[in-house]
Amino acid sequence: VGPLIKTLNYALGSLKHWMSGKTVKLPIAAFPTKAELVPEPLGVVLVISSWNFPFGLSLEPLIGAIAAGNVGVLKPSELAPACSAILANTIPTYLDNKAVKVIEGDASVGEQLLQHKWDKIFFTGSVKVGRIVLSAAAHHLTPVTLELGGKCPAIIDSLSGSRDKKIAIKRILAGKYGACAGQVCIGIDYILTEKKFATTLVELLKVSSQAMFGENPKESNNMSRIINKKHFLRLKNLLDEPMVKESIAYGGSFDENNLYIEPTILVDPPLKATIMTEEIFGPLLPIVTVEKIEDSIEFLKSRPKPLTIYAFTKRETLKRRLESETSSGSLVFNDTIIQYVADTLPFGGVGESGIGRYHGKFSFDTFSHEKAIMRRSFLTDFWFRYPPWNDQKLQLFRHAYSYDYLGLILNVMGLKRS
């Protein structure tokens with residue numbers, strides 16, 4: 001709710017500027033002509049949100065849609081029924097019911113909504129459902145924004161200073177277990193580190209995890225539960241695959257009645273196992289070892305582009321290589337999650353991690369069409385733009401298109417031959 005309030009206040013304070021048309025420069029050849037870009041609403045939009053941030057992922061896109069002048073429908077996730085009910089019962093009290101409607105329901109309701117023609121669809125969820133949304137949108141040629149997530153890696157260099165290590169480990173744990181027990185699209189999915197540092201890293205993670213969540217995290221109030229039994233069993237099955245359970249270095253206990261999974265660390269599970277090919281979305285943290293930390297770059301390039309890459313390192317060469325050689329929705333050095341709360345940074349994926357972006361002004365742009373408007377005067381007119389054509393007119397065209405104004409003048413004066 002905190003980031004949501006911040007975003008709302010930011011939009012209210014910036015809306016007049018966002019809505020203003022922007023003058024653009026034109027070549028001298030177009031004089032006297034003025035041009036500007038004017039944002040206009042797309043029309044009627046559909047927002048389908050996820051369950052893990054049931055208010056933020058519903059209302060933040062809606063803020064952008066309303067700010068841009070659209071009307072639309074919000075379909076909250078049925079997997080967070082209490083929050084969905086609050087949105088359905090509260091929004092009509094405060095917003096114009098002719099402009100914004102909330103429709104609750106399961107996947108079948110979502111499928112029915114997708115059959116209608118929309119001017120924009122904004123979806124947050126899994127890659128599997130994202131494909132369904134994109135396929136349905138293609139029928140009406142509807143533009144889409146897909147916020148899908150993906151396996152976000154954290155590259156952990158063998159940091160030298162003990163203080164750096166301590167801070168890095170705390171940020172890593174917060175980015176994995178601290179936010180909804182790992183049920184977050186931008187949470188750390190797995191770690192890449194050097195083989196020689198793996199044992200030390202596991203020990204640091206264990207000690208720091210116990211300091212954060214206690215010797216028995218189940219008894220603390222700091223560890224979220226899994227959203228439902230289906231997702232609980234999905235996570236449990238990840239560890240039941242051959243050779244995966246043997247890679248557990250810490251944790252691994254389950255309580256199905258309470259939908260609780262202990263923070264679990266694994267070292268070098270099989271790369272072809274499901275835990276390393278599908279987004280985990282839970283408190284399981286695989287560590288994949290490489291001989292040299294630079295090898296992590298090739299590892300990342302061999303896999304689908306993630307929503308975020310986190311890298312904990314002080315090596316400037318490694319930072320530059322990650323910037324230039326990898327592709328992801330965002331790249332964060334020496335911290336986790338914080339990019340999500342910055343309204344001045346776009347949030348979105350690339351490739352299988354998503355299409356489009358939002359947050360702050362980017363949300364306004366996502367739900368706007370930037371219309372080009374040109375205002376031409378009758379004061380001047382270039383005769384060579386009209387038939388009949390000849391060599392001189394062709395040459396004048398060439399000068400005009402290449403902005404060669406001197407050549408244009410010389411040609412008109414007969415001082416430059418065609």
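Descriptive notes on the structure:
- Accessible area expressed per residue, the stretch 23-144, with surrounding protein chains retained (probe 1.4 Å, Å²): 50
- The stretch 1-125 - percent of accessible surface contributed by carbon and sulfur, probe 1.4 Å: 64
- One equal scatterer on each Cα of the stretch 268-418, no solvent, Debye formula: the resulting log10 I(q)/I(0) at q = 0.08 Å⁻¹ is -0.52.
- Take 300-310, 364-374 and order them by the average number of nearby Cβ atoms within 10 Å per residue, most first; the result is 300-310, 364-374.
- Among residues other than residue 33 with Cβ under 15 Å from its Cβ, the summed charge is +3 (Lys and Arg +1, Asp and Glu -1).
- Between the stretch 359-418 and the stretch 231-281, the Cα center-to-center distance that results, in Å: 63
- Based on C-alpha pairs under 8 angstrom that are at least 6 apart in sequence, the stretch 16-56 has a relative contact order of 34 percent.
- When you count the other C-beta atoms within 10 angstrom of each residue and take the mean per peptide, 382-394, 177-189 line up highest first as 177-189, 382-394.
- Reported value for the stretch 296-364: 84 Å³ per residue, from the convex hull of its C-alpha atoms.
- Averaged over its residues, the stretch 191-267 has an accessible area of 52 Å² per residue, based on protein heavy atoms and a 1.4 Å probe.
- In this calculation the C-beta distance from residue 268 to residue 128 is compared with R0 = 30 Å, giving a FRET efficiency of 0.65.
- Computed in the context of the full set of protein chains, the accessible area of the stretch 243-362 at 1.4 Å probe radius has 51% of its extent on carbon or sulfur.
- Fraction of antiparallel bridges per DSSP, the chain only, in percent to nearest 5: 35
- Rounded if a/c under 1.5, otherwise prolate or oblate - the stretch 325-365, Cα gyration tensor axes: oblate
- Cα-derived Rg to Rh of the chain, Kirkwood definition: 1.10
- For the stretch 23-143, the Cα gyration tensor yields ellipsoid semi-axes of 33, 18, 12 Å (square root of five times each eigenvalue, largest first, whole Å).
- Cα-based reach from residue 25 at 17 Å (exclusive), listing lysines while leaving out same-chain residues under 8 positions away: 34, 371
- The three principal axes of the Cα atoms in the stretch 107-190 give end-to-end lengths of 57, 21, 18 Å, sorted in falling order.
- Where only DSSP H runs of four or more residues are counted, the chain gives -11000 deg cm²/dmol as its mean residue ellipticity at 222 nm, each run worth -39500 (n - 2.57).
- Overall, the anisotropy analysis places the stretch 142-277 in the rounded class: the square-rooted eigenvalues a ≥ b ≥ c of its C-alpha gyration tensor yield a/c less than 1.5.
- Straight-distance crosslink candidates among lysines, where the alpha carbon sits under 26 Å from residue 416 and sequence neighbours closer than 8 are dropped: 393
- Relative contact order for the stretch 289-385, counting Cα pairs under 8 Å that sit 6 or more residues apart, in percent: 22
- Cα-centred dipole magnitude for the stretch 208-346, charges only on beta-carbon of K, R (+1) and D, E (-1), debye, nearest 20: 280
- At q = 0.20, 0.21, 0.22 Å⁻¹, base-10 log of I(q)/I(0) for the stretch 236-341 (Debye sum, equal scatterers on each alpha carbon): -1.16, -1.22, -1.27
- A simple spin-label model places pseudo-atoms 7 Å from Cα toward Cβ; at residue 291 and residue 241 they are separated by 2.6 nm.
- Cα-centre dipole for the stretch 64-185 with unit charges at Cβ (Lys and Arg positive, Asp and Glu negative), debye to 20: 540
- Restricting the calculation to Cα atoms, the stretch 25-80 shows an Rg/Rh of 1.34 when the hydrodynamic-style radius is the Kirkwood one.
- Members of 166/229; 75/98; 98/128; 6/101 lying beyond 27 Å, as alpha-carbon distances in this model show: 166/229; 98/128
- Anisotropy class of the stretch 355-418 from Cα gyration tensor, a/c 1.5 cut: prolate
- Per residue, the average separation of C-alpha pairs within less than 8 Å and at least 6 apart gives the stretch 217-350 a relative contact order of 16 percent.
The values are calculated or read from the model by the stated rules, or taken from the named source; none is laboratory data. Computed from a prediction, not measured in an experiment: that's the story for all the values here. Heads up, the Cβs are rebuilt from the backbone with ideal geometry, glycines too, and the neighbour counts pull from every protein chain shown. For accessibility, only protein heavy atoms count, side chains too; no ligands or nucleic acids. Shrake-Rupley method; radii C 1.70, N 1.55, O 1.52, S 1.80 Å.
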